[in-house]
Amino acid sequence: MKHAKLTLIGIAVLILASCNSYKIDVDLTPEEVSSIKTEIKSLKEAVDNYVQADSNAGTIAWKEIIELAGKYEDLGELGKAIKVYEDVLDSGEKTKAIINNLGRLYEKTEQYDKAVVMYQRINDEYFDHDYLYDITWAYIKAGDRKNAEKYFNAWQLEFQKTDEQTQQAIKKLREDEKAVKDGSS
């Protein structure tokens, strides 16, 4: 039993470590990398030393946080960018932009279920239906035709328009499902 617990703990540590290691190659000169790292240091200090100047400023330095995550993204360090946003949300703070950017990063790292949760959160908490389209595409990328159709139909009803590319992607999912079903019969 003790061995099983240690194995589970080991697996959890590996999963946690891999979540922060999302990295993509970027084409930057050493000078550009150095400049971005300097900006990151400055932004971290601004976030750490943020003092609410007035009651309308917000309780977090959200502009600097978004810029900090963006700099990590510029370096291709998507895991670090994700962590910046997750830490803000874990602290109980939020802005629509932070939630949206986190959803977008989850999509970039192929964590489509998490992306859907973020976009749905905007839809639910801010009553902003503009993200129905993003939810649709996250489901398409995840291969979930039924939910993609559901949210695409809701988007079409909300905005009284359609999108050929989205229709084709859903059609392809339907055809793939049929091919799998026909192949297993």
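Observations
- Here the scattering of segment 79-185 is modelled by Debye summation over its C-alpha atoms, one equal scatterer each and no solvent; at q = 0.10, 0.17, 0.22, 0.24 Å⁻¹ the log10 of I(q)/I(0) is -0.32, -0.80, -1.12, -1.24.
- Placed amide H near residue 60: partners under 5 Å, 5+ positions off or other chain: none
- Note on segment 128-185: Cα-Cα pairs beyond 18 Å make up 33% of the total pair count.
- Mean separation of Cα contacts under 8 Å, 6 or more apart, over the residue count of segment 72-185: relative contact order %: 16
- Residue-by-residue Karplus 3J(HN,Hα) for segment 88-104, coefficients 6.51, -1.76, 1.60, Hz, glycine and proline x: 4, 5, 5, 7, x, 8, 6, 9, 4, 5, 5, 4, 5, 5, 5, x, 5
- Straightening the chain between residue 46 and residue 86 buys 12.6 nm, computed as 0.36 nm per residue apart minus the Cα-Cα spacing.
- Simple spin-label estimate for residue 127 and residue 34 gives 5.3 nm between the two label positions (7 Å along the Cα-to-Cβ direction from each Cα).
Values in this text are rule-based calculations from the coordinates and carry no lab data. Note that the structure is predicted; figures quoted are calculated from it, not measured. All Cβ positions, glycine included, derive from the backbone under ideal geometry; neighbour counts span all protein chains shown.
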